[in-house]
Amino acid sequence: MLKNRNSQPHRQGAGVTAWRIVVALLALCLVAASCTSTDDASVDGDAGTTDSDSITQSTAAASSDRERSATADEDSDDMADEQQTGALDDAAAEEDIEAAVAEDAGDEEMAVGGGLSQSDSEHSAEPEVEPYEPTQRRRTEPDQFVDYGVNPFVDTDDDPFSTFALDVDTASYTIARNFLDGGQLPPFEAVRVEEFVNYFDGGYDDEIDEFTISVDAAPSPFADTGDLLLRVGVQAPHVVSDAVRPDSIIVVLDSSGSMNQEIGTGNDRTRRIELVYDAVDLLLEGLEPETRVGVVAYADWARTVSRPAAVGRNHDDLIRRIERDVRPSGSTNVADGLVAGYRMAESEADAGRDVLVLLFSDGVANVGATETDRILRQLGERADIGLSTIGVGLGPFNDELMEQLANRADGSYHYIDDHDEAWRLLGDDVTSFVSVAARDAKVQVIFNPDTVAAYRLLGFENRDVADRDFRNDAVDAGEVAISQSATALYELTLVDPDARSRRSSETLAKVTLRYQRPASENITEVSETIRGSDARRSFDNADRHFRLAAVAAEFAEVLRQSWFVDDPLMRTLRHEAEGLARDFRGDADVAELAQLITAAQRLG
């Protein structure tokens, strides 16, 4: 019995042990399966990493070698209409923009006649070029900016047309300067190349009652050897027969609590609202005496400060009323303020007057409608009412709202950070600032694929216009005031980068400006052609305003971390900027640009 009693536990222990072995084996099987799965995933992950590394290396190589590529639509039927490329001879370039580009298709030569016809434009496809998206992000709160990416190089054989709305805004440069003066690099989202360039005088000649186009080119010290930098300048005349000067201006003032914050540094510190008082005083002083001015202020809600009346003898009284009644407090109901301003403007417009609404704000909408689309829907569409915006202060500041309101409501966007900037914008020639010399102005550049292999537009990422819409006058574009100028820069990779090709009489590109004259509403086109022989042999021999535009644009490229910028570039940039300061001796703006580049190099 004892033996049996002893053996029974032994048999039970053996059974348990066996069972444990079975469980262990099952567990091992499961672990093995799991490991296999993990290994597979790891292999996949490694493959993904390899692909990612390969892509990164490829991108880095593309950045360093400056490979010029763009993604094109694979639909041959659609692309046939858009990719009408070929020889751009001188006669075609001079006679007609649409005949400038032709395509060799076998034995047939198809010339572009009459532009893209209506039927062509309906079926043509835009090349699908994705703008570069930066991988790094800086924290921009409490300021709000939007990154519109960086334009890539476009293969001219794929798309010889480059079309964009004209832009005369300057806010981005002033905002970046404000950050640098405060000892910080600006968020790259705050940097728009075209606004850096537009801040400076282009040095263009103007004609009476006609817009002029200037096109010049030279090698750039900031690009690959053999590449050209092309400058396209548009100058509005100082004398315009059918410009629209507003009979009434409705000033909408932000009086929310954030307007009580100080801006500036050192002895230049002031409250935002005081800078607005100063700016409005400059505005009223420069207007024609018969110009009617109304004032609306807003915080939690909007209120009327002054009904529209001729500014002449009311100037001093109106300023006293603004300083007394417009005091910072409460939240920011931008929508309510603009709606009240627009209702006042509509009453003026219904009486047959041309009206401009001018918004002064930090743009930080936190009550009511806070998004651009919703605000614009509340305002409605009135072609006889323009809206320009002037930003004030940082931290908080909503650059996106201020810029988009102006862009989409037929106005311009600027930024003031001190009394000098307020004077620069409003103290010199207010009549020109508030007038309109051209509506829906847009530019189309046609590059010759026989001479230009690829091109890249610097900036204008959020001002793109479909090529087929260049002559579609229902498409909104840019507004330009009397005497204003705008500049666009292109980097060009030539088919034959040898210096001898630059002495060629072959056309590089043809530029056409299309706009509507505001009073007569007549559509006007102006064109200009540039040949290889027109390009300067060296950057040092180029026009000093050309070099200034190049330095301003490249500075913006550095600040926004463009993937086309090489690390050692800042030394070259600083050298060129210091040279420009000597060439523009006595020009405070150019001297300041050189100082800002030095500051950015130190901070970077």
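The values are calculated or read from the model by the stated rules, or taken from the named source; none is laboratory data. Keep in mind the model is a prediction, meaning the values are calculated, not measured. Because the Cβ atoms are built from the backbone with ideal geometry, glycine has one as well, and the counts that use them run over all protein chains shown. Quick note on the areas: whole protein, heavy atoms, side chains included, nothing else; ligands and nucleic acids left out. Shrake-Rupley method; radii C 1.70, N 1.55, O 1.52, S 1.80 Å.
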Q | Built amide H within the under 5 Å cut-off of E210, gap 5+ | A | none
(Q) If I model a spin label as a point 7 Å beyond the Cα along the Cα-Cβ vector, how far apart are those points for R408 and D350 in nm? (A) 2.6 nm
**Q.** Cα gyration tensor shape for the stretch 478-604, rounded if a/c is under 1.5, else prolate or oblate
**A.** oblate
Q) On the accessible surface of the stretch 227-329, probed at 1.4 Å, how many percent belong to carbon and sulfur atoms? A) 41 percent
Q: Starting from the Cα gyration tensor of the stretch 282-409, take the square roots of the eigenvalues, sort them a ≥ b ≥ c, and report rounded, prolate or oblate (rounded when a/c is under 1.5, otherwise prolate if a/b is larger than b/c, else oblate).
A: oblate
**Q.** Residues with amide H under 5 Å from that of D362, placed H, sequence gap 5 or more
**A.** V392
Q) Within the stretch 171-188, whose backbone N sits under 16 Å from a point 7 Å along Cα→Cβ of D420? A) 173-183
Q | Computed lengthening from T431 to E290, 0.36 nm per intervening residue step minus Cα-Cα distance | A | 49.5 nm
Q | Interchain or long-range residues, amide H under 5 Å from L494's placed H | A | L228, A453
Q. Using the Karplus equation 6.51 cos²θ - 1.76 cosθ + 1.60 (θ = phi - 60°), what ³J(HN,Hα) coupling, rounded to whole Hz, does each residue of the stretch 378-394 give in order, writing x for Gly and Pro?
A. 5, 6, x, 9, 9, 5, 8, 10, x, 9, 10, 10, 10, x, 9, x, 10
Q: Could you let me know the centre-to-centre spacing of the stretch 251-308 and the stretch 216-239, using Cα atoms, in angstrom?
A: 38 Å
Q: Using the Karplus curve 6.51 cos²θ - 1.76 cosθ + 1.60 with θ = phi - 60°, work out ³J(HN,Hα) for each residue of the stretch 543-552 in order, rounded to whole Hz, and write x for Gly and Pro.
A: 3, 5, 6, 4, 5, 5, 4, 5, 5, 4
